[in-house]
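Worksheet for the structure shown next.
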Amino acid sequence: MPRHKVTKPRIIGLTGGIATGKSTVTTYLAQRYQLPILDADIFARQAIAPPSLILEHIFERYGEGIKNADGSLNRQALGDIVFNDPGEKQWLETQIHPYVRQRFQDACAQELQAAPIIICAIPLLFEARLTDFVSEIWVVTCRPEQQLARLQQRNALTLAQAQARIASQMPLAEKVARADVVLDNSLDLATLHHQVDRALGGNC
């Protein structure tokens, strides 16, 4: 009897540097291919949304100076602390990463019942040691000067603030070296979309 070909589900870990264009890629994948997108940033925001035990721990450590009037977290004030202090950044990640990992596990288990391809957008894929969770790694990259300018414009940051945030992450070149697929977002949108189409191949 002929054997049926078993298609393994693809869990694509999409990462890159801050402000290199990960959201641009996930938007295209969702709109063009209707693929489910699981976003680590969304899960991380949920982890610190009030009321949250993680949020309470953050306020206990850093005080009222990072609390907004409505009781939510002032993310930029916290960022100015952790992006300039590797030890504090590591402490914060130990609070949030276990929650994010669990959310990914639960969401993937649910999505895989219907979708053969899932996109996991995880900016800190390597730093959070989540590479074992995905079947392939896509890294979005661009030129350093583009990354810096995009980050400053997007987040209304000073040059020093933007540089600190970029420096706090694993070097982009190192992520590129560990990628299965590299998406170069240095040129126009059509070129980026073509790279995404090619990376998906005939598996969608």
Which ranges mark the helices (runs of 4 or more DSSP H) fully within the stretch 140-204 that have 1 or more residues being in contact with a helix residue (DSSP H, G or I) (Cβ under 9 Å, 6 or more places away or on another chain) and among the acidic types (Asp, Glu)? 189-200
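Residue-by-condition table, conditions (1) more than 21 Å from His193 (Cβ to Cβ); (2) out of contact with any Leu (no Cβ under 9 Å at 6 or more places or on another chain); (3) without any contact (Cβ under 8 Å) to a residue 60 or more places away in the chain:
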residue: Leu92; (1), (2), (3): yes, no, yes
residue: Leu112; (1), (2), (3): yes, yes, no
residue: Ile118; (1), (2), (3): no, no, no
residue: Phe126; (1), (2), (3): yes, yes, no
residue: Phe133; (1), (2), (3): yes, no, no
residue: Val139; (1), (2), (3): no, no, no
residue: Arg143; (1), (2), (3): no, yes, yes
Among Ala160, Ala179, Ala164, Ala199, which is surrounded by 12 or more Cβ atoms within 10 Å (Cβ to Cβ) and more than 19 Å from Leu14 (Cβ to Cβ)? Ala164
Kindly list, by first and then second residue, each pair from a residue in the stretch 35-61 that is farther than 30 Å from Ile117 by Cβ and at pLDDT 95 or above to a residue that is among the basic types (Lys, Arg) and surrounded by 14 or more Cβ atoms within 10 Å (Cβ to Cβ), limited to pairs with Cβ atoms under 8 Å and residues at least 6 apart or on different chains. Phe59/Lys67
Going through (1) under 16 Å from the mean Cα position of the chain (by Cα); (2) among the small types (Gly, Ala, Ser); (3) closer than 23 Å to Phe43 by Cα one by one, Ala109 fails only at (1)
Just name the residue that is modelled with the highest pLDDT out of those in the stretch 105-159 that are of a type in the set (Phe, Trp, Tyr) and closer than 21 Å to Thr24 by Cα. Trp138
Is there any pair linking a residue in the stretch 160-183 that is without any contact (Cβ under 8 Å) to a residue 60 or more places away in the chain to one that is part of a loop (DSSP other than H, G, I, E, B) and crowded, with 16+ Cβ neighbours inside 10 Å, with Cβ under 6 Å and at least six apart or on different chains, and which? Met170/Phe126; Met170/Glu127
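The values are calculated or read from the model by the stated rules, or taken from the named source; none is laboratory data. These figures come from a predicted structure and were not determined experimentally. Glycine gets a Cβ as well: all are built from the backbone with ideal geometry, and neighbour counts include every protein chain shown.
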